[in-house]
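Following: one structure in structure tokens, then a few remarks.
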Amino acid sequence: MRLVKRVLIFLIVLYIGVIVFMPKKQLYYFAEKSLNDKYGVVISNEDISSTPLSLNINHALIFAQGLQVARVANAKVLPLLFVNKVELEDIELANMAKQFINVSISSLRAKESILNPYIIDIDAVGNFGIIKGYANLKSRVLHLDLVEVKDANSLKKFFKKGKKGWFYESKF
């Protein structure tokens, strides 16, 4: 019994140590380089700070193919190995993107769990209402449901009317 207790304590301390001493900034820079190399997405002007449990990114500007697409006021990445979360706040589309789709997102959350590693749960709140959905990385499908509709006129051209309400689904 003592051996089991010691092994459990060792595993818990090891888990906490891995999370606390994880090179969060280096992982962010690797992800940023991968996004740029693969998709032409550049994140600039960001202030990065690291805490023992999370990585905080403030005032990020997002560019796709050289054009500014959005501004993200705050982003928090919580890599807990078994459950990973990304929380974005105050996402504002750039002028060019705003002409195409006029939305502002007050919060967006994405969560991935080791129990279902191919599914990323997505929740968003904005001037359009509330969106809940998922991204399936295995089948490469993005599915979003417009749960509470406020002012979704700019989004309705992308969403389809279904039995349970408005939804959006696409392959990526």
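The values are calculated or read from the model by the stated rules, or taken from the named source; none is laboratory data. Worth saying up front: this structure is predicted, and the values here are computed from it rather than measured. Methodologically, a virtual Cβ is constructed for each residue, glycine included, from the backbone with ideal geometry; neighbour enumeration extends over all protein chains shown.
Things to note:
Matching residues to (1) hydrophobic (A, V, I, L, M, F, W, C); (2) under 16 Å from the mean Cα position of the chain (by Cα):
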position: Phe21; (1), (2): yes, no
position: Tyr28; (1), (2): no, yes
position: Ala31; (1), (2): yes, yes
position: Ser50; (1), (2): no, no
position: Leu55; (1), (2): yes, yes
position: His59; (1), (2): no, yes
position: Phe63; (1), (2): yes, no
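- In the set Asn95, Asn127, Asn58, only one residue is modelled with pLDDT under 95, more than 25 Å from Glu169 (Cβ to Cβ) and polar (S, T, N, Q); that residue is Asn95.
- Within region 37-52, tally of residues that are in contact with a strand residue (DSSP E or B) (Cβ under 6 Å, 6 or more places away or on another chain) and free of Cβ contacts under 8 Å to residues at least 12 places away in the same chain: 1
- Residue pairs whose Cβ atoms lie under 6 Å apart, separated by 6 or more positions or on different chains, with the first residue in region 157-171 and more than 12 Å from Gly133 (Cβ to Cβ) and the second in a strand (DSSP E or B) and of a type in the set (Ser, Thr, Tyr), are Phe158/Tyr168.
- Just so you know, in region 84-133 the residues that are closer than 22 Å to Ile62 by Cα and among the aromatic types (Phe, Trp, Tyr) include one that is surrounded by the most Cβ atoms within 10 Å (Cβ to Cβ), and it is Phe128.
- From Ile131, Ile122, Ile105, residue being farther than 16 Å from Val72 by Cβ, of a type in the set (Val, Ile, Thr), in a strand (DSSP E or B) and under 16 Å from the mean Cα position of the chain (by Cα): Ile131
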